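Working notes, beginning with the structure itself.
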Amino acid sequence: DQQVKQNSPSLSVQEGRISILNCDYTNSMFDYFLWYKKYPAEGPTFLISISSIKDKNEDGRFTVFLNKSAKHLSLHIVPSQPGDSAVYFCAASAGFSARQLTFGSGTQLTVLP
Amino acid sequence: SAVISQKPSRDICQRGTSLTIQCQVDSQVTMMFWYRQQPGQSLTLIATANQGSEATYESGFVIDKFPISRPNLTFSTLTVSNMSPEDSSIYLCSGAEGTNTEAFFGQGTRLTVV
């Protein structure tokens with residue numbers, strides 16, 4: 001039973017355009033959501049997070065949107081750069097804890113120059 | 001954030017043997033965790049490594065198969081015991097410095113069991 005789902009295994013975007021990565025969750029107890037970026041042969045690195053008391057969080061080119069009623073969140077990258085090409089994992093936790101995480105299966109983002 | 005050094009980065013092991021993976025953090029962290037990423041799948045939490053006491057395992061993972069040690073606040077090991085080809089995965093450790101800080105990860109250990 002996948003509690004966090006990333007239904008798009010891959011996404012290709014032109015440099016300078018917007019990248020939108022989507023994530024759905026089923027567990028109503030989740031109240032903290034994170035995005036991690038992973039390059040080959042490296043561990044995931046934290047990108048941005050949002051708690052359930054907010055519906056938007058922005059950090060530079062990265063914005064995460066949370067729709068609690070739809071149990072859906074998305075990561076927007078504007079403008080996309082070739083260095084953003086990586087696997088992006090959505091993760092969730094309960095109890096406002098950023099530590100014990102349930103991950104989605106990841107989306108491979110390719111930004112084309 | 002703190003940096004985790006994980007080793008080995010990769011290994012090829014014979015079935016029936018055991019492998020111990022080490023993680024060293026460059027500063028004290030409140031909590032450490034071990035994850036597994038099977039081929040084509042997401043990261044799955046194996047256990048929480050508790051300093052000075054037995055680890056807390058998630059459903060589907062047992063101490064006999066994945067013994068974990070955490071002797072202090074900067075170091076932890078995960079052993080994959082009596083390995084079979086189904087244990088071929090990437091194993092990652094992570095840490096968190098405080099109650100409301102995001103977890104950070106080591107670079108992972110790519111294990112292949114033949």
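Values in this text are rule-based calculations from the coordinates and carry no lab data. Only a predicted model underlies this, so the values are computations on that prediction, with no experimental measurement involved. We place every Cβ from the backbone using ideal geometry, glycine too, and count neighbours over all the protein chains shown.
Worth pointing out:
- Selection from A:Ala86, A:Val111, A:Ser69, by position along the positive dipole direction of region A:50-113 (Cβ): A:Ser69
- When the Cα convex hull of region B:40-114 is projected onto planes of every orientation, the mean area is 5.7 nm².
- Straight-distance crosslink candidates among lysines, where the alpha carbon sits under 28 Å from A:Lys54 and sequence neighbours closer than 8 are dropped: A:Lys5, A:Lys37, A:Lys38, A:Lys68, A:Lys71
- Looking at region B:1-93, the pairs of alpha carbons with a distance over 22 Å make up 23% of the total.
- Net lengthening on full extension, A:Arg61/A:Thr26 (0.36 nm per residue, minus Cα-Cα): 9.8 nm
- For B:Gly40, net neighbour charge (Lys/Arg +1, Asp/Glu -1) across residues whose Cβ lies under 15 Å away: +3
- Where Rh is the Kirkwood radius over Cα pairs, Rg/Rh for chain A: 0.95
- Dipole check for the protein assembly as shown: with +1 at the C-beta of Lys and Arg, -1 at the C-beta of Asp and Glu, and the Cα centre as origin, the magnitude is about 200 Debye.
- The charge dipole of chain A, taken about its Cα centre with unit charges on the Cβ of Lys, Arg, Asp and Glu (plus for the first two, minus for the last two), comes to roughly 100 debye.
- Around B:Tyr57: net Lys/Arg minus Asp/Glu count, Cβ-Cβ under 13 Å: -1
- Charge dipole (debye, nearest 20) of region B:1-97; +1 at Cβ of Lys and Arg, -1 at Cβ of Asp and Glu: 180 debye
- Across chain B, C-alpha contacts under 8 Å between residues 6 or more apart give a mean separation that, scaled by the residue count, equals a relative contact order of 37 percent.
- The relative contact order of region A:26-78 comes to 24 percent, based on Cα pairs under 8 Å that sit 6 or more residues apart.
- Taking the charge dipole of the protein assembly as shown about its Cα centre, with +1 at Lys and Arg Cβ atoms and -1 at Asp and Glu Cβ atoms, the residue from B:Phe61, B:Ser9, A:Ser19 reaching farthest to the positive side is A:Ser19.
- Bridge type composition, the protein assembly as shown - antiparallel percent by DSSP, nearest 5: 90 percent
- Sum of side-chain charges, A:Phe103 neighbourhood, beta-carbon under 12 Å (Lys, Arg +1; Asp, Glu -1): +3
- Restricting region B:20-94 to GluC sites (Glu not before Pro) that sit in a DSSP loop and have at most 10 other Cβ atoms within 10 Å of their own Cβ leaves nothing.
- At q = 0.07, 0.11 Å⁻¹ the log10 of I(q)/I(0) for the protein assembly as shown amounts to -0.22, -0.55, computed by Debye summation with a single uniform scatterer per C-alpha, solvent ignored.
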